[in-house]
Structure formats: C-alpha cells, structure tokens
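Below: one structure, written as structure tokens.
Only the coordinates and a few stated rules stand behind these numbers; no lab work does. Note that the coordinates shown come from a computational prediction; the quantities given were computed from them, not determined experimentally.
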C-alpha cells in the first residue's frame, strides 16, 4: 500500500524523526527566547518595543505594493457591471 504512494517505512521514519527534531528545536528556541526577553532590563524593554514596530512596518510595506492590482480589479469589476 505504501509502495503505491511511492513511500517506504524508511521514508516515514525519516519524516517523523525530522519533524520531531524540528519541533523540539522550535520549543527550545521559544523557551530560550522567553528567558532572554523576560528579564526586566532596559535592553529587553527596547527590544520588546521595537519588535512590533518593525513587524508592522514590514507588513505595511508588503501590502502597499498591491495598488496596481487593486486598480486592475476595480477596472475588471467596472467592465463586468457594464
């Protein structure tokens, strides 16, 4: 049955181990980050303030390049209504 899908037991074991290692590393990174930014210092205050500012700026700049697409959509809707 696995052969019909192009898989083997070895492929599944490799995928499972890779997934588990990735999850463990992710959780380790999260817990280390919590400890690093959890201490009430000036550095952590500045870092915690800058992170949402930078993320918001990046999200805004990524969305602003869609103006041409919005105009094209408006024109397509106007043509469809006529």
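List of remarks:
- Rg ratio (alpha-carbon, reference 2.2 N^0.38 Å) - the range 1-58: 1.92
- Report summary: the helix-based calculation at 222 nm, which adds -39500 (n - 2.57) for every DSSP H run with n ≥ 4 and divides by the residues of the chain, gives -29000 deg cm²/dmol.
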